[in-house]
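Step one of this worksheet: look at the structure below.
The values are calculated or read from the model by the stated rules, or taken from the named source; none is laboratory data. This one's a predicted model, so the numbers in the text were calculated from it and none came from an experiment. Neighbour counts run over all protein chains shown; Cβ positions are idealised from the backbone, glycine included.
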Amino acid sequence: MAEAEKKSIDQATIEMITKAAKDECNIVFDRAETMRPCPIGVEGSCCSNCAMGPCRVPLPRGKEETPEEKQKRRGVCGATAETISARNFTRKIAAGSAAHSDHGRRVTHAFLDIAKGEAPGYEIKDEQKLLQLALDLDVKIGDRSNNEIAIDIGETLLNEFGKQEGELLFLKRAPLKRQEIWRKEGVAPRGIDREVVEAMHRTHMGVDQDYRNLLLQGTRAALADGWGGSMIATELQDVMFGNPSPVASQVNLGVLKEDEVNLIIHGHEPQLAEMLAVVSQDPKMIEYAKSKGAKGINLAGMCCTANEILMRHGVPIAGNFLQQELAIVTGALDAMVVDVQCIMQGLANVAQCYHTKLITTDERAKIEGATHMEFDDRNAVESAKAIVRAAIDNFPNRDKKKVYIPPQKTDLIAGFSHETINYLLGGLFRASYRPLNDNIINGRIRGVAGVVGCNNVRVTHDDIHVTMVKELIKNDVLVLQTGCSAMACAKAGLMVPEAAAEYAGEGLASVCEAVGIPPVLHLGACVDNSRILIAATAMVKDGGLGDDISDLPAAGAAPEWMSEKAISIGQYFVASGVFTVFGATWPTTGSKEVTDFLFKDMEDVYGGKWAFEPDPIKAAKLMIEHIDKKRKALGIDKARERVLYDMEMRRELDAV
Ligand code: XCC
Ligand code: SF4
């Protein structure tokens, strides 16, 4: 096998890795070879929280440790491997929660600007969701205008970030039993910022030095993400930009066009992307592009910003996390426009090998060597136009000899918000999760899995996602996806209705075919993992599947994770009652106690727990085992056997 073919299962990616080598351009796949992971850091056993260190407390290799030796395995301050491991894990959660929540905060500010009429070009698009939110938050509706209601909603939610006492308001959306667990354990978040700050404080040198107590705060900071910052982001984005509904599009580097100005928007926040989607279709802009010799303007997305505008506008996706540099390697990308998160600094370097203009747009995320063109949502149209113009101006600078766009692009259907799943399954007039629950109870659908998260260059790109998801749907597990994982499976052709017949088990396929949905549903960006929490809660409330999220035949996974945000997501899923399996690498292997707490003890309290399994088939099996365990506890395991028996008989009859 050629070197590049070990690095990805995606043909476009393989071709671009080969092209980068030919063009002598250093990319992430090369850097991963020269930069090997630190063996001590990778197991979570390095502390650099004060200047007496960094201290390394790795497990002794190749031999059992005596209790005396373990006693001595400490940092200079006396911190144990447990403390160091739990501190590092908690800090990852804090960073992940901070990232999602600061995104949520920025969205809330934009929402308020729009409601106050200070952000021309935007409007409240989804009135129904606005009113629903008002009801949820006890905001008066009466005969007030949408904007008046929105101002109250915006202010109420903005207050969630700096709140010092009480509880986050969205916790009330969870099943009652779940809320009680959180209160009893003392992990109900008080305010979003407060939990992140407290996590940073408690992990500072010489503060919290009991790993259980540290992880408790980690849980609280994670819940402040899932049921706080991320949920606020999703809700307000939907109200401002429209609740997603099923939409057809395409994914992979082949969506770039040789004869048009190619502009990619990459990162996470949708405000600029929304405006770019509008401005890039402006006839005057297209005219301008033509004056430079291009046939039009081609906007595509990358990473989660891509998911946002895919879900709402059907804007095509150029690729997932590990393809960001490769988009530039095509030689056909005129501007790479970035906002925040998951933006590799390597982009600046790769852009120098080609003509691509790298444009940063957020004051929180500048990159040396990039052009900074700040985006201001109060002056959105003009800001976005300036960016599109810069891309157009760069079109004539393409070096034609260096242009090669790989042909791969795959069709997909995206846009499955919690509400659309509701309508699709229940019908417009009696929207409900009843049919989904019924099909789980009668066994056609075995259970539900959320497969989410990043790419990680330490494993074969996309391979782990696709292998795991294929195994799950083959076993009649309906898969809900977000993030870069969704893109991996979309590229592999799993997000079209026809995939049901080709890849899904008979039970799942029969339901998908009846409703006309793919067996793998795209729910959006990583902040939209909050949609999975809401969907899970709706399933509980609809009845027949227990009275808590932890009773559902459901599981979660992030098989190629790399970001700290993924750790925060995993922790809030586990603390919400979901069995969650991560692949690639596990950051607490340096402490048996901390790992046992996460992999075993958490289940006693929260009904959910972590697992680590890098092999995607084995990981899928763990998820299926868990789903079957829950089916059994609900007393619906027999129903499934009947369904399978029926199908067997049908097949035999067909054969006659
Ligand atoms: Fe980033 Fe969200 Fe991970 Fe992809 S999946 S690499 S976090 S873009 Ni969220
Ligand atoms: Fe070492 Fe303790 Fe300082 Fe960490 S806090 S670097 S373990 S002395």
Residues of segment 63-81 being within 16 Å of ligand 2 (Cβ to nearest atom) and surrounded by fewer than 24 Cβ atoms within 10 Å (Cβ to Cβ), which ones?
K70, Q71, K72, R73, R74, G75, V76, C77, G78, A79, T80
Looking at segment 74-115, which of its residues are in contact with a Leu (Cβ under 9 Å, 6 or more places away or on another chain), under 23 Å from D528 (Cα atoms), more than 16 Å from ligand 1 (Cβ to nearest atom) and among the aliphatic types (A, V, I, L, M)?
A110, L112
What tally of residues in segment 32-73 results from selecting those that are away from ligand 1 (no atom under 16 Å from the Cβ), within 28 Å of V459 (Cα to Cα) and in contact (Cβ under 8 Å) with a residue 24 or more places away in the chain?
11
Among residues belonging to segment 166-197 that are aliphatic (A, V, I, L, M) and over 22 Å from A99 (Cβ atoms), point out the one that is surrounded by the most Cβ atoms within 10 Å (Cβ to Cβ).
A174
Do you know which residues across segment 355-379 are under 26 Å from the mean Cα position of the chain (by Cα) and either closer than 19 Å to I297 by Cα or in a helix (DSSP H, G or I) (or both)?
L358, I359, D377
Can you tell me which of A584, A509 is among the hydrophobic types (A, V, I, L, M, F, W, C), farther than 19 Å from G228 by Cα, more than 16 Å from ligand 1 (Cβ to nearest atom) and surrounded by fewer than 24 Cβ atoms within 10 Å (Cβ to Cβ)?
A509
Is at least one residue of segment 440-459 touching a Ser or Thr at 6+ places or on another chain (Cβ under 9 Å), farther than 30 Å from L322 by Cα and in contact (Cβ under 8 Å) with a residue 40 or more places away in the chain?
yes
Restricting attention to segment 18-62, report how many residues are outside any loop (DSSP other than H, G, I, E, B), of a type in the set (V, I, T) and within 15 Å of ligand 2 (Cβ to nearest atom).
0
Inside segment 184-224, the number of residues satisfying the requirement of being outside any loop (DSSP other than H, G, I, E, B), touching a residue at least 12 places away in the same chain (Cβ under 8 Å) and away from ligand 1 (no atom under 16 Å from the Cβ) is 22
Among V511, V540, which is the only one that is part of a helix (DSSP H, G or I), more than 16 Å from Y572 (Cα to Cα), in contact with a Pro (Cβ under 7 Å, 6 or more places away or on another chain) and not polar (S, T, N, Q)?
V540
Give the residue, chosen from F597, F579, F573, F612, that is over 24 Å from the mean Cα position of the chain (by Cα) and either within 16 Å of ligand 1 (Cβ to nearest atom) or among the aromatic types (F, W, Y) (or both).
F597
Quick check on segment 235-243. Is at least one of its residues closer than 24 Å to M275 by Cβ and within 16 Å of ligand 1 (Cβ to nearest atom)?
yes
Taking helices (runs of 4 or more DSSP H) that fall entirely within segment 563-656, which contain at least 2 residues that are farther than 25 Å from C342 by Cβ and at pLDDT 95 or above?
592-596, 602-606, 616-634
Are any of the residues in segment 637-655 closer than 24 Å to V479 by Cβ and either within 16 Å of ligand 2 (Cβ to nearest atom) or of a type in the set (F, W, Y) (or both)?
no
Looking at the structure I just gave you, is C454 touching a Cys at 6+ places or on another chain (Cβ under 9 Å) and either over 24 Å from K632 (Cβ atoms) or more than 16 Å from ligand 1 (Cβ to nearest atom) (or both)?
yes
Could you grab me the full set of residues in segment 288-321 that are in a loop (DSSP other than H, G, I, E, B) and either at pLDDT below 95 or buried (at least 24 other Cβ atoms within 10 Å of the Cβ) (or both)?
V315, N320
Give segment 477-493 a look and list any residue that's among the aliphatic types (A, V, I, L, M), more than 14 Å from ligand 1 (Cβ to nearest atom) and either farther than 22 Å from M539 by Cβ or out of contact with any helix residue (DSSP H, G or I) (no Cβ under 8 Å at 6 or more places or on another chain) (or both), or say none.
A492
Can you tell me how many residues within segment 93-105 are over 15 Å from D339 (Cα atoms) and surrounded by fewer than 24 Cβ atoms within 10 Å (Cβ to Cβ)?
1
